[in-house]
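Note sheet for the following structure.
The values are calculated or read from the model by the stated rules, or taken from the named source; none is laboratory data. None of the values given here were measured: they were computed from a predicted structure. Here the Cβ positions follow ideal geometry from the backbone for every residue, glycine too, while neighbour counts run over all protein chains shown.
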Amino acid sequence: MKVRASLLLLALVAAPAFAEEEQGALVEKVAVRNRLFTTERRFELGLNLGFMVLTQLTEHYTANLDLAFNIVNTFAIELLAGGSYSRHTSLARDVADQQAAKSVSATTRWNDLSGLWEMVGNAVVALRWQPLYGKIGGALQDLLFGNPIHFQFYVTAGGGAGYFKRDSIVICLHKTSNACDEWLSESKVGPLFTGGLGFRFFLPTYGNHHSLKLEVRDWIYLDSYNLQVKANQVTPSNPTPEAQAASAGVTQLWQVMVGYSYMF
């Protein structure tokens with residue numbers, strides 16, 4: 001009898017604790033009760049890789065280091081710096097081949113094309129707004145971790161400077177037969193603006209320091225190109241034409257970026 005009474009007493013004492021633990025696990029799976037991953041007053045260091053979904057005359061593959069400080073859970077200041085591997089697309093190369101095959105005379109005038117500036121390097125300061133914190137459950141939850149995936153939705157915008165280069169596909173400096181040996185090439189440092197939106201997914205399996213990011217980002221910079229350039233006035237010794245488009249607009253470089261960040 002004493003043994004049974006002891007077991008009964010132990011069960012009565014332990015039951016509330018087991019019930020509370022089970023209830024807590026249930027709440028964690030179906031509702032956003034508390035932030036398990038807080039970012040307030042924490043630094044983070046990350047790496048972002050970007051690629052273009054739609055290309056025209058140029059294509060870019062970008063890598064950026066991302067240093068950020070989360071002022072509060074909903075706002076952060078970030079510094080991004082990096083570079084791009086860029087090149088002409090097959091469309092641009094086809095245009096260049098067709099242009100090189102054309103005959104040139106002393107009266108020939110060239111109109112260059114817009115959208116040829118390539119972003120080689122970038123450095124920007126941005127403000128990141130992180131208004132939404134939530135969880136993803138359902139089938140994805142059961143498939144991956146067995147628990148909800150915590151995430152943040154964010155919007156970012158900022159500006160800085162970039163280093164750009166431009167290789168013409170119209171203005172040839174030196175031609176041999178039906179091929180161009182050297183195209184007009186330019187470079188410049190100029191203002192750069194950026195904006196984007198995305199999601200940060202926290203990795204609960206590995207503690208609260210690690211997260212993955214998926215975002216869409218727009219890089220915006222000034223465009224310029226040459227108009228009515230006389231073929232006999234542009235030579236390797238004098239490669240800079242004088243005629244510039246009055247209002248060339250801007251280039252918008254849209255990229256999908258994936259990244260990883262570590263929070264200290």
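Only one of the numbered conditions (1) of a type in the set (Gly, Ala, Ser); (2) farther than 24 Å from ASN122 by Cβ; (3) modelled with pLDDT of 95 or more is not met by ALA179, and that is (3).
Being under 25 Å from PHE37 (Cα atoms), modelled with pLDDT of 95 or more and β-branched (Val, Ile, Thr), is that true of even one residue in the range 80-95? No, because not a single residue in the range 80-95 is under 25 Å from PHE37 (Cα atoms), modelled with pLDDT of 95 or more and β-branched (Val, Ile, Thr). Looking at (1) farther than 22 Å from TYR225 by Cα; (2) in contact with a Lys or Arg (Cβ under 9 Å, 6 or more places away or on another chain); (3) of a type outside the set (Ser, Thr, Tyr); (4) not in a strand (DSSP E or B), which one does VAL53 not meet, given that it meets all the others? Of everything listed in (1) farther than 22 Å from TYR225 by Cα; (2) in contact with a Lys or Arg (Cβ under 9 Å, 6 or more places away or on another chain); (3) of a type outside the set (Ser, Thr, Tyr); (4) not in a strand (DSSP E or B), VAL53 misses just condition (2).
Any residue at all in the range 214-221 that is surrounded by 15 or more Cβ atoms within 10 Å (Cβ to Cβ), in contact with a Leu (Cβ under 7 Å, 6 or more places away or on another chain) and in a loop (DSSP other than H, G, I, E, B)? No; the residues of the range 214-221 include none that is surrounded by 15 or more Cβ atoms within 10 Å (Cβ to Cβ), in contact with a Leu (Cβ under 7 Å, 6 or more places away or on another chain) and in a loop (DSSP other than H, G, I, E, B).
For (1) out of contact with any Pro (no Cβ under 6 Å at 6 or more places or on another chain); (2) without any contact (Cβ under 8 Å) to a residue 60 or more places away in the chain; (3) under 20 Å from ALA126 (Cα atoms), each residue gets a yes or a no:
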| site | (1), (2), (3) |
| --- | --- |
| PRO191 | yes, yes, yes |
| PHE202 | yes, no, no |
| ASN208 | yes, no, no |
| LEU212 | yes, yes, yes |
| VAL234 | no, no, no |
| ALA246 | yes, yes, no |
| MET257 | yes, no, yes |
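In summary, ASN73 fulfils each of the numbered conditions (1) closer than 18 Å to LEU214 by Cα; (2) surrounded by 17 or more Cβ atoms within 10 Å (Cβ to Cβ); (3) not hydroxyl-bearing (Ser, Thr, Tyr) with the single exception of condition (1). So HIS150 fits all but one of (1) in contact with a Gly (Cβ under 8 Å, 6 or more places away or on another chain); (2) modelled with pLDDT under 95; (3) surrounded by fewer than 20 Cβ atoms within 10 Å (Cβ to Cβ); (4) not small (Gly, Ala, Ser); what number is the exception? Of everything listed in (1) in contact with a Gly (Cβ under 8 Å, 6 or more places away or on another chain); (2) modelled with pLDDT under 95; (3) surrounded by fewer than 20 Cβ atoms within 10 Å (Cβ to Cβ); (4) not small (Gly, Ala, Ser), HIS150 misses just condition (3). Can you confirm whether the range 195-203 contains a residue that is of a type outside the set (Ser, Thr, Tyr) and over 18 Å from ALA68 (Cβ atoms)? No. State whether one or more residues within the range 179-202 are surrounded by fewer than 17 Cβ atoms within 10 Å (Cβ to Cβ) and not in a strand (DSSP E or B). The answer is no; no qualifying residue exists. For the range 80-131, a residue qualifies if it is in a loop (DSSP other than H, G, I, E, B), closer than 14 Å to THR55 by Cα and of a type in the set (A, V, I, L, M), and exactly one does: LEU116.
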